[in-house]
Amino acid sequence: MNNKGLIIGVVIVVIAILIGAGAWYALQQNPNNGGGGGEKVSITIYTGGTSGVYFPLGSKYAELLNKYSNDIDAKAVTSGASVSNAKAIGDGNAQAALIQNDVAYYAYNGKYMFQNNPVKDIRGVAALYPETVQFVVLANSGIHTLNDLQGKKVAIGATGSGTAVAAEQILRAVGVWDSIQKVNQKFSEAAQSLKLGQVDAAVIVSGAPTPAVNQIAVQTPVRVLPVPDDVLNKLHTEGYIFYVRQNLPKSTYNGMNQDTPTVAVKAMLVVSSKLPDNIVYEMTKILFDHVNELRSVHEKAKYISKATALDGMSIPLHPGAKKYYSESRMSITIYTGGTSGVYFPLGSKYAELLNKYSTTVTAKAVTSGASVSNAKAIGDGNAQAALIQNDVAYYAYKGLYMFKDHPVSNIRGVAALYPETVQFVVLANSGIHTLNDLQGKKVAIGATGSGTAVAAEQILKAVGVWDSIQKVNMKFSEAAQSLKLGQVDAAVIVSGAPTPAVNQIAVQTPVRVLPVPDDVLNKLHTEGYIFYVRQNLSKGTYNGMNQDTPTVAVKAMLVVSASLPDYVVYDMVRVLYAHVNELRAVHEKAKYISLETALEGMSIPLHKGAKDYYEHNGIIVPSSLGVIVPPMDYSTQGLIAVPQSFRQVIG
């Protein structure tokens with residue numbers, strides 16, 4: 001080789017070395033570029049004791065990371081669970097951990113056991129499953145509410161434990177903390193003390209049913225005290241955002257005779273802020289892509305879902321997890337009604353709540369012609385959700401009346417919301433006292449082709465007077481005025497009661513509402529009109545009503561398209577009930593929205609996502625509401641929106 005060739009060779013080698021060194025330096029300066037075919041990132045996952053839930057789930061998760069990632073080398077280790085796991089994140093001994101969300105909150109904010117050593121490097125990835133806060137008493141005790149604990153002896157958990165902190169926070173919110181006699185005991189000790197009558201109540205934070213409680217409940221029946229909405233709201237107001245609503249079915253323990261609303265903290269996956277974004281993105285993706293493999297090792301993994309991934313998230317998200325959740329969002333349009341009605345303000349607020357709290361969708365509410373046009377919009381694909389009366393939903397699904405030529409087979413139920421009362425209104429001084437008395441009378445039955453006219457026909461046919469009445473088609477306001485002027489003998493109105501049109505005439509012309517007896521309601525149900533529900537009007541509803549009157553109602557309901565993925569609808573139902581108080585602030589009708597009445601008058605098949613939510617929250621779904629699963633393969637990749645409160649913190 002001549003000198004010229006030698007010089008060129010040396011120059012090439014030097015350049016290669018410099019390029020390599022530069023690339024190495026750049027990688028050190030920007031750790032978020034880690035992975036992607038280079039050296040694997042080592043991740044130690046702190047779990048818990050071998051007899052708990054954290055260890056098998058954490059071990060399986062490490063196995064999944066090693067199996068499905070080319071960039072991660074994961075190892076799960078046993079630990080002392082939540083508190084020690086948070087400290088391990090702070091010390092750099094752990095890069096990931098399983099931990100309760102309340103403990104994560106204390107760690108990040110430097111509270112309680114972390115007062116002197118806050119863990120500012122801790123970041124959230126996903127909320128996993130509920131750890132239920134249970135105030136357990138003997139079933140034969142006289143203690144039925146948290147207020148009844150005043151002056152009682154209560155086992156509040158081990159000294160310095162998360163249970164003891166939860167007991168204090170909740171009982172302070174109730175206002176009885178200072179009055180109770182406090183005993184520090186672990187779960188198993190507390191359960192035995194309760195059985196022996198040495199304490200009046202035991203506070204336990206654990207998955208329910210809890211074995212320690214089950215063991216005593218076999219021979220000594222127990223109950224769990226409810227935690228009402230006002231207490232949960234107060235906890236949130238005071239900054240304890242990690243508490244979430246949890247409902248225990250009556251079958252949880254021997255001695256529980258009714259479903260009980262309580263609260264829960266959530267087990268969650270956390271990581272160090274020092275992990276590269278792309279690595280945490282991949283960790284989050286593997287968690288949800290392969291969740292069924294986690295479910296094979298422990299039943300608690302059944303709760304792991306994108307729909308609840310941010311439910312109770314108490315610390316800032318890691319940017320890598322935030323990117324995963326935000327990468328794709330499903331947009332839905334909600335059809336409501338006219339701006340002067342009830343559907344529009346409720347639907348608009350619900351869309352706002354979905355945009356604020358949902359982990360799966362962005363929503364837009366639009367005005368519409370209400371029930372009939374809303375059902376058609378579901379069928380046409382212009383709406384993915386809508387507010388609609390349950391009788392109209394039934395006609396749409398079955399292809400009856402106004403939908404005879406165009407049934408809406410893809411409409412599915414989500415929740416019954418509030419009653420729209422069927423009112424047969426007469427003047428108070430008339431001789432008409434029963435529906436049978438309408439025989440031969442002139443009756444305003446509602447506008448032509450309206451749901452009111454259909455309801456009038458169904459009910460009066462069940463009574464047996466339909467063919468004999470003189471029928472007049474009129475809207476509510478016209479019918480009320482005609483009644484006042486004596487131009488009709490009765491007016492049929494389907495609306496929330498009191499109805500303004502009736503109230504206006506009743507001020508000067510007293511009115512009554514005719515009762516709809518049980519035999520008529522039963523006949524309606526027998527004939528397949530399952531959407532009618534019992535409704536009682538109090539005697540003060542209108543001027544002229546001197547006694548309570550039983551009538552019937554249809555129900556406003558939330559419906560969706562069958563094409564929405566299950567996990568999206570599950571999340572929509574979760575947001576509806578978790579934030580119902582915000583709906584109640586915009587319209588008084590929302591006071592009726594409740595889990596307890598969610599299926600009352602449900603007239604069409606439930607969407608599977610809604611069914612799953614109700615069953616997970618202890619609501620028994622009747623077989624008559626059988627879910628129809630469309631022949632579609634729904635992708636569950638990505639579609640999550642990150643609430644603003646889970647702000648990204650740059651360390």
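The values are calculated or read from the model by the stated rules, or taken from the named source; none is laboratory data. Fair warning: this is a prediction, and the values are worked out from it, not measured in the lab. Virtual Cβ from ideal backbone geometry, glycine too; neighbours counted across all protein chains shown.
Considering the stretch 544-584, the residues that are assigned to a loop (DSSP other than H, G, I, E, B) and under 18 Å from the mean Cα position of the chain (by Cα) include one that is surrounded by the fewest Cβ atoms within 10 Å (Cβ to Cβ), namely HIS579. In the stretch 411-432, the residue that is surrounded by the most Cβ atoms within 10 Å (Cβ to Cβ) out of those that are farther than 24 Å from SER603 by Cα and of a type outside the set (A, V, I, L, M) is SER430. The residue that is nearest to the chain's Cα centre (by Cα), counting only those in the stretch 433-474 that are in contact (Cβ under 8 Å) with a residue 40 or more places away in the chain and exposed (fewer than 15 other Cβ atoms within 10 Å of the Cβ), is GLY449.
Pairing each residue of the stretch 327-339 that is of a type in the set (Asp, Glu) with any residue that is surrounded by fewer than 17 Cβ atoms within 10 Å (Cβ to Cβ) and modelled with pLDDT under 85, provided the two are 6+ apart or on different chains, yields C-beta distances under 9 Å for GLU327/GLN637; GLU327/GLY638. Can you find even one residue in the stretch 610-632 that is crowded, with 21+ Cβ neighbours inside 10 Å, modelled with pLDDT of 90 or more, assigned to a strand (DSSP E or B) and at negative phi? No, there is no match, as no residue in the stretch 610-632 is crowded, with 21+ Cβ neighbours inside 10 Å, modelled with pLDDT of 90 or more, assigned to a strand (DSSP E or B) and at negative phi.
The listed residues are VAL227, VAL213, VAL263, and the only one of them that is within 22 Å of ALA190 (Cα to Cα), at pLDDT 90 or above, aliphatic (A, V, I, L, M) and part of a loop (DSSP other than H, G, I, E, B) turns out to be VAL227. Consider PHE403 against the criteria (1) closer than 24 Å to LYS589 by Cα; (2) out of contact with any Leu (no Cβ under 9 Å at 6 or more places or on another chain): it satisfies all of them except one. Which criterion is unmet? So PHE403 meets the others, but not (1).
Restricting attention to the stretch 247-257, does a residue exist that is of a type in the set (A, V, I, L, M, F, W, C), modelled with pLDDT of 95 or more and either farther than 30 Å from SER69 by Cα or in contact with a strand residue (DSSP E or B) (Cβ under 8 Å, 6 or more places away or on another chain) (or both)?
Taking the stretch 247-257 as the starting set, the residues that turn out to be of a type in the set (A, V, I, L, M, F, W, C) are 248, 256.
Filter once more, keeping what is modelled with pLDDT of 95 or more: 256.
Adding the requirement that they be either farther than 30 Å from SER69 by Cα or in contact with a strand residue (DSSP E or B) (Cβ under 8 Å, 6 or more places away or on another chain) (or both) leaves 256.
Within the stretch 247-257 (the criterion being of a type in the set (A, V, I, L, M, F, W, C), modelled with pLDDT of 95 or more and either farther than 30 Å from SER69 by Cα or in contact with a strand residue (DSSP E or B) (Cβ under 8 Å, 6 or more places away or on another chain) (or both)), the answer is yes, since at least one residue qualifies.
Look at the stretch 588-609: where a residue is on the phi > 0 side of the Ramachandran plot and a partner is among the polar types (S, T, N, Q), sitting 6+ places away or on another chain with Cβ atoms under 7 Å, you get GLY601/ASN390.
If I filter the stretch 347-354 for residues that are among the hydroxyl-bearing types (Ser, Thr, Tyr) and surrounded by 24 or more Cβ atoms within 10 Å (Cβ to Cβ), do I get at least one hit?
Kept after step one, since they are among the hydroxyl-bearing types (Ser, Thr, Tyr), are these residues of the stretch 347-354: 348, 350.
Restricting the remaining residues to those that are surrounded by 24 or more Cβ atoms within 10 Å (Cβ to Cβ) gives 350.
For the stretch 347-354, residues among the hydroxyl-bearing types (Ser, Thr, Tyr) and surrounded by 24 or more Cβ atoms within 10 Å (Cβ to Cβ): present.
Looking only at the stretch 342-375, residues that are over 17 Å from ILE388 (Cα atoms), free of Cβ contacts under 8 Å to residues at least 60 places away in the same chain and in a helix (DSSP H, G or I) come to 1 in all.
Table: residues versus (1) touching a residue at least 24 places away in the same chain (Cβ under 8 Å); (2) in a loop (DSSP other than H, G, I, E, B); (3) of a type in the set (D, E, K, R).
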residue	(1), (2), (3)
GLY239	no, yes, no
GLN246	yes, no, no
THR252	yes, yes, no
VAL270	yes, no, no
LEU294	yes, no, no
TYR324	yes, no, no
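Across the stretch 522-531, not a single residue is classified as touching a strand residue (DSSP E or B) at 6+ places or on another chain (Cβ under 6 Å), touching a residue at least 60 places away in the same chain (Cβ under 8 Å), among the β-branched types (Val, Ile, Thr) and surrounded by 14 or more Cβ atoms within 10 Å (Cβ to Cβ).
Please find, among ALA88, ALA94, the residue that is closer than 22 Å to ASN117 by Cβ and assigned to a helix (DSSP H, G or I). Walk me through it before giving the result.
Details: ALA94 fails: assigned to a helix (DSSP H, G or I).
Exactly one of ALA88, ALA94 is closer than 22 Å to ASN117 by Cβ and assigned to a helix (DSSP H, G or I), namely ALA88.
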